[in-house]
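Novice: Below are the structure tokens for one structure; questions will follow.
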Amino acid sequence: MTTAETATAPTPTPPTTTTTDLGMPAPPDRAPVRRRSRKLMVGDVPVGGDAPVSVQTMTTTRTADIDATLQQIAEVTAAGCDLVRVAVPTGDDAAALPTIARRSALPVIADIHFQPKYVFAALDAGCAAVRVNPGNIKRFDDKVGDIARAAAQTGTPIRIGVNAGSLDQRLLRKHGGATPAALAESALWEASLFEEHGFRDLKIAVKHHDPLTMIAANRILAARCDYPLHLGVTEAGPAFQGSIKSAVAFGILLGEGIGDTLRVSLSTDPVEQVKAGCHILASLGLRRRKLEVVSCPGCGRLQVDIHKLANQVEAAFDGFPRPLRIAVMGCVVNGPGEAREADLGVSCGNGKGQIFRHGEVLRTVPESKIVEALLDEALALAEADDAEDTDDAGDTAV
């Protein structure tokens, strides 16, 4: 090679190396832009605007049974619920509202159907909000002015709830069924009646058992009003089916920035509804995670009953006071890497489990001791965090 050739020859490109990121996927470069809705205060919980998306549920007790209702409210509070709704179908239920509203750990929303007089009872009782379903309240439109004035005096938001099963007959005939347009038109019509009286502390919910109909209706509302929107796939079904339908609908809408509060309407215990709602929000990065069990689906390589073990771990850590990601992996193919990326993890094989904490291999234990070992390490991790927090507080004080 000549001197000239040497001078102009390109510098060799070093070989590229491929690195494998075994951790959680990085957040998207641009998070969904939240729809700018009006902010309301439901008790001490902000809804709409820049407030976090809140999770709510509804008690299944007879509201007149005050002790049972308060007990269930305490249970959903512990599960992470933000708002709770109680049904008010009778005078006895309305009479119980003052005590429940006063003693509840959560803001109480009174759910009113059929009788407008119970709306006023709920406002007088100090409920944090009132849900009305105009489609099945007798002569509701004639009472809007009185309700608006009473709600304004008490500073109580009103939620307009429109369900496919109780849609105004006029709109059903006009649209040929409970279409997205019919649901949205019903809600906006009722909102306009409140607006005529200068009342705009409104939330809107349009719900349908079909996720695609519910999604389309909420998109219409998001484009045509600035009220906070409550998301719900009504009559979603049993836990498995209903959780999937709700997760699909909520994921699509929240990914578009639509939705300010939600309920997962499952045919199951309200606590399970709350847990499902919290998990959906955490999966979307909209709520801090509590317990997350990362476990493999299983294959022919398994040397441990991974399904049973994952359920045991989930049950053992239910209610653990710190957010934790625990990896429960069944073989050596993906197990060690996945387990190392969690707060705690176990990679199983040959009747044993290799325990990890923050990527560090701690010990190997028999399969029968895996759950116990993970609990021990979680407690040690919590104690270390507490000690660090104490030290930081001391440094700040100095």
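Novice: From the list Leu172, Leu193, Leu188, which residue is closer than 20 Å to Val47 by Cα, over 24 Å from the mean Cα position of the chain (by Cα), open to solvent by 10 Å² or more (accessible area, probe 1.4 Å) and among the aliphatic types (A, V, I, L, M)?
Specialist: Leu188
Novice: Residues being open to solvent by 10 Å² or more (accessible area, probe 1.4 Å) and in a helix (DSSP H, G or I): count how many of those fall in the range 146-166.
Specialist: Looking only at that region, the number is 9.
Novice: Which residue, of Asp305, Asp260, is on the phi < 0 side of the Ramachandran plot, open to solvent by less than 70 Å² (accessible area, probe 1.4 Å) and among the acidic types (Asp, Glu)?
Specialist: Of Asp305, Asp260, the one residue that is on the phi < 0 side of the Ramachandran plot, open to solvent by less than 70 Å² (accessible area, probe 1.4 Å) and among the acidic types (Asp, Glu) is Asp260.
Novice: Further question: Condition first: under 22 Å from Asp82 (Cβ atoms) and part of a helix (DSSP H, G or I). Now tell me which residues in the range 203-247 satisfy that.
Specialist: First, the residues of the range 203-247 that are under 22 Å from Asp82 (Cβ atoms): 203-207, 214, 218, 221-222, 226-234, 236, 239, 242-243, 245-247.
Hits for the range 203-247 are Met214, Asn218, Leu221, Ala222, Ala239, Gly242, Ser243, Lys245, Ser246, Ala247.
Novice: Still on this structure, please answer the following. List every residue pair whose Cβ atoms sit under 7 Å apart, with the two residues 6 or more apart in sequence or on different chains, where the first one lies in the range 309-331 and is assigned to a loop (DSSP other than H, G, I, E, B) and the second, anywhere, is exposed (fewer than 15 other Cβ atoms within 10 Å of the Cβ) and of a type in the set (Gly, Ala, Ser).
Specialist: Matching pairs, first to second residue: Arg322/Ala382; Gly330/Gly298.
Novice: Among all residue pairs at least 6 apart or on different chains, which show Cβ distances below 6 Å where the first residue, located in the range 60-85, is in contact (Cβ under 8 Å) with a residue 12 or more places away in the chain and the second is assigned to a loop (DSSP other than H, G, I, E, B) and small (Gly, Ala, Ser)?
Specialist: Correct list of pairs: Ile73/Ser104; Thr77/Ala105.
Novice: Among the residues that make up the range 36-52, is at least one of them open to solvent by 30 Å² or more (accessible area, probe 1.4 Å), in a loop (DSSP other than H, G, I, E, B) and more than 30 Å from Gly257 (Cα to Cα)?
Specialist: no
Novice: Residues of the range 310-348 being modelled with pLDDT of 85 or more, open to solvent by 20 Å² or more (accessible area, probe 1.4 Å) and more than 16 Å from Asp376 (Cβ to Cβ), which ones?
Specialist: Matches in the range 310-348: Asn311, Glu314, Ala315, Arg325.
Listed here are the residues, each with its yes/no results for (1) in a loop (DSSP other than H, G, I, E, B); (2) surrounded by fewer than 20 Cβ atoms within 10 Å (Cβ to Cβ); (3) among the hydroxyl-bearing types (Ser, Thr, Tyr).
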{"site": "Asp67", "(1), (2), (3)": "no, yes, no"}
{"site": "Glu75", "(1), (2), (3)": "no, yes, no"}
{"site": "Cys81", "(1), (2), (3)": "yes, no, no"}
{"site": "Val86", "(1), (2), (3)": "no, no, no"}
{"site": "Pro89", "(1), (2), (3)": "yes, yes, no"}
{"site": "Asp93", "(1), (2), (3)": "no, no, no"}
{"site": "Ala96", "(1), (2), (3)": "no, no, no"}
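Novice: If Gly198 satisfies every condition in (1) at pLDDT 95 or above; (2) within 29 Å of Gly242 (Cβ to Cβ); (3) more than 23 Å from the chain's Cα centre (by Cα) but one, which is the exception?
Specialist: Just one mismatch for Gly198, condition (2).
Novice: Can you spot a residue in the range 250-258 that is farther than 20 Å from Gly80 by Cα, in a loop (DSSP other than H, G, I, E, B) and among the aliphatic types (A, V, I, L, M)?
Specialist: Scanning the range 250-258, I find at least one residue that is farther than 20 Å from Gly80 by Cα, in a loop (DSSP other than H, G, I, E, B) and among the aliphatic types (A, V, I, L, M), so the answer is yes.
The values are calculated or read from the model by the stated rules, or taken from the named source; none is laboratory data. All figures in this text were calculated on a predicted structure; none of them were measured in a lab. We place every Cβ from the backbone using ideal geometry, glycine too, and count neighbours over all the protein chains shown. These area figures cover heavy atoms from the full protein model, side chains too; ligands, DNA and RNA do not enter into them. Shrake-Rupley method; radii C 1.70, N 1.55, O 1.52, S 1.80 Å.
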